[in-house]
Structure formats: structure tokens, C-alpha cells
Amino acid sequence: MSDMPIIVDTAADFDSVVIWMHGLGADGSDFPPAIPYLSLPESLKIRFMFPNAPVRPVTINGGFEMRSWYDILSMEAGGREINAQQLQQSVAQVQRLIDDYIEQGIAAQRIFLVGFSQGGAVAYEAGLTYPQALGGIVAMSTYLPRSLDEVAPVAPTALPILTLHGEYDDVVSIAMGEAAKQQLNTHGYAPQWHVYPMAHEVSLVSLETLGQWLQLQMMK
């Protein structure tokens, strides 16, 4: 089992980066097949990076070891009890990737964080606490892992945020997604909120929305 991220470049001289985090129990191979369904124009020069979460015991799954950005200690309809230290370690891992690309000459505003479920929670916190303004955050079927009052986000309120959620999601309830949206609104952010007739998953329509949003942000 390799810990190396999967990388897909649409051009050797890429000038934009999408760092896309998988969900609990999945790995970096989960979302590369989704790239064609984004229907992005060939003129966009993008590196897609799909990092892997560490393998660790997950309490809610009986201590079974799997890839997890952080341990989930308990699940309730309105939230999660998590290992905050492991969350912060994963956030630091993602932010180091951002640092590396900025050192390579990629502008922070050309770097986007995308995450599904638990990976989306990491994308939220990594993007909102990064000291430079990124291109945007895409939160798919996810939630805020900690209160923004506790996190104290430093990202500018103009940061583009796209949220995609399933109406019938029985893993991360739509109420959890809406609660994240409300917290973001309270702190001055204006996420785009899209709901689809799906469960805890992605759909072709949601991927089309993601592709259109990325294209819009990258062509500013």
C-alpha cells in the first residue's frame, strides 16, 4: 500500500493545482476517474494531486485500521466527536503541500482544495487557516470538523467556497452541511450551496457543477 499521492497533469507546464482529499476508508485512487466528468477545457493547465490519508485505527469502526485523516470517536446526527490532534496533523500535511507548490512558483490563488466527506472537513480547515488567500475550497458531502469560533479562520471572506451535498445523505446529514454553511455565513463567507437528489456520494451533475466552478475560478 503506497502512501505516495496520485498525480494527474493536464499539461506539463501546469499553472494551477487541485489538491483533492478522499473520504474515510478510501484512498488517493478514489477520484482520478472523476476528472473527465469535470469537462474542463484543454486550455486549462492543471495538476490534480490526490494525497493519501494515514492508516490508523478508527474508533467508530471498531478500531479497524483504514485510511483516515483523523479518528472519529463517535457519530451523532448533529456532529462528530473527533481526534483534534490528528485533524491538525492532516491539516498541516495539506498545508505543506500548498507550501511546496508556492515554492515551485504556483500562485496561492491558483491552488484549490477539494475534499469529500472527511477529506472535505480537512479541506475546510486547511483552506480557512492558510495564511495566504487560496483559489478556493470545494466541500463535498461534508461538515466543519470544529467550530469556526475555535478555529479562528484567517482566510479572506472573499475566498470562493463551493459546497455540494446529497439530499438523502445518511452518513453526513444535510443538516450538518447546512450548519457549516450557517457558520461560514456568520463569519462573513458566502459559500455557494448546492443540493442534489443523492445519498453520500458524488453524481455526474455534481461533478459538472464542480467543473464549471473550477473553470470559472481559474479563468478569472
> Tell me, which residue of the stretch 192-211 that is assigned to a helix (DSSP H, G or I) and touching a residue at least 60 places away in the same chain (Cβ under 8 Å) is surrounded by the most Cβ atoms within 10 Å (Cβ to Cβ)?
Replying inline: Leu210
>> So, in the stretch 181-192, how many residues would count as being farther than 20 Å from Gly23 by Cβ and either in contact with a Pro (Cβ under 6 Å, 6 or more places away or on another chain) or not hydroxyl-bearing (Ser, Thr, Tyr) (or both)?
In response: 8
> Mind checking which residues of the stretch 79-120 are closer than 21 Å to Val138 by Cα and small (Gly, Ala, Ser)?
Replying inline: Gly79, Ser90, Ala92, Ala107, Ala108, Gly115, Ser117, Gly119, Gly120
>> Here is a check on your reading of the model: is Val8 within 21 Å of Tyr124 (Cα to Cα), at pLDDT 95 or above and part of a strand (DSSP E or B)?
In response: no
> Which pairs do you get when a residue that is free of Cβ contacts under 8 Å to residues at least 12 places away in the same chain, found in the stretch 59-73, comes within reach of a residue that is exposed (fewer than 15 other Cβ atoms within 10 Å of the Cβ), reach meaning Cβ atoms under 8 angstrom, with the pair 6+ apart or on two chains?
Replying inline: Gly63/Pro57; Phe64/Pro57; Glu65/Val55; Glu65/Pro57
> Could you count how many residues in the stretch 136-159 are on the phi < 0 side of the Ramachandran plot, more than 13 Å from the chain's Cα centre (by Cα) and not basic (Lys, Arg)?
Replying inline: 12
> Within the stretch 75-98, how many residues are farther than 16 Å from Gly119 by Cβ and surrounded by 15 or more Cβ atoms within 10 Å (Cβ to Cβ)?
Replying inline: 1
> Do you know which of the residues in the stretch 49-91 that are aliphatic (A, V, I, L, M) and assigned to a loop (DSSP other than H, G, I, E, B) is farthest from Thr10 (Cα to Cα)?
Replying inline: Ala77
> Here is a list of conditions, (1) within 25 Å of His187 (Cα to Cα); (2) surrounded by 24 or more Cβ atoms within 10 Å (Cβ to Cβ); (3) touching a residue at least 40 places away in the same chain (Cβ under 8 Å), and Arg146 meets all of them except one; can you say which number that is?
Replying inline: (2)
> Could we say that Ser29 is at pLDDT 95 or above and either crowded, with 17+ Cβ neighbours inside 10 Å or not polar (S, T, N, Q) (or both) here?
Replying inline: no
>> Let me confirm something: among Leu44, Leu87, which residue is within 23 Å of Ala126 (Cβ to Cβ), under 16 Å from the mean Cα position of the chain (by Cα) and modelled with pLDDT of 95 or more?
In response: Leu87
> Out of all the residues in the stretch 149-191, which are charged (D, E, K, R), assigned to a loop (DSSP other than H, G, I, E, B) and crowded, with 17+ Cβ neighbours inside 10 Å?
Replying inline: Asp169
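The values are calculated or read from the model by the stated rules, or taken from the named source; none is laboratory data. Note that the structure is predicted; figures quoted are calculated from it, not measured. Here Cβ is always computed from backbone atoms with ideal geometry, including for glycine, and neighbour counts include all displayed protein chains.
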